[in-house]
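The values are calculated or read from the model by the stated rules, or taken from the named source; none is laboratory data. Bear in mind that the values here come from a model prediction, so they are computed numbers and not experimental data. Note that we place each Cβ from the backbone using ideal geometry, even for glycine, and neighbour counts take in every protein chain shown.
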Amino acid sequence: MISEAQKKIIEAEERFRHEIKNKLVAEAEQLGHNFESVERAVESGEKKFAAKLMEFFNSSLGTWFLTSVIVTGGAGLYQNIQHHYETKKTQYDQSVKYKYEIENRLDHLEIGVRHAKTVGDAKAALQRLYTGKYPLTPELQNRALGSMYLNLYGLLTGTEQERAQQSILLIRQLEDSAILLDSQADSQPLSEVDKAQLKKLIESIKSLHFNQIKS
């Protein structure tokens, strides 16, 4: 049987549990009430803000803001985007034009040097450095190869630009070789050393140029 002392302990524990339960229920109800109050306050604030905003836009100042700032600003933004797109397209078209005209010029330069027997043949082939005999783009016919590369350089970025810069240095070496040949008679046989050097420079430029087109 349970003694009186044990009964009192059990009764005390039950009263304690009941008090804790009632306290938790009361706190939960209060928390729910506070949350509802906050929610109502937020909804009321949002409605007031929306009403004030509509009141502003319906005013003369609000109408001016919509027409002068938002509409005009949107038109300006559209114009800026359109201008940026047109600039990029123009740059792309120019870069393609230069790339393929340079490739065409290098092909004819390489063929001329490959078949050169005399110094005069080599001189004639190296004239492709300064003018194109069979241009893909007529307005570039009298543009020097180095000049076309300088223009292309400004349209490229990153590794493409680095390759273009290396190509320009090689073209300068070709131009130096052409100057050295000027001191020799046209009828003089072209030495294998000079021919090999010219072919090596042209092949190096073409290798860099093909990488530019592929990238």
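Listed values, structure above:
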read-out	value
Residue list for segment 138-158, filter: modelled with pLDDT under 90 and among the hydroxyl-bearing types (S, T, Y)	Y153, T157
Matching residues in segment 124-141 - criterion: being among the basic types (K, R) and surrounded by 14 or more Cβ atoms within 10 Å (Cβ to Cβ)	R128
Selection within segment 171-200 - under 38 Å from the mean Cα position of the chain (by Cα), under 22 Å from L150 (Cβ atoms) and surrounded by fewer than 18 Cβ atoms within 10 Å (Cβ to Cβ)	R172, Q173, E175, D176
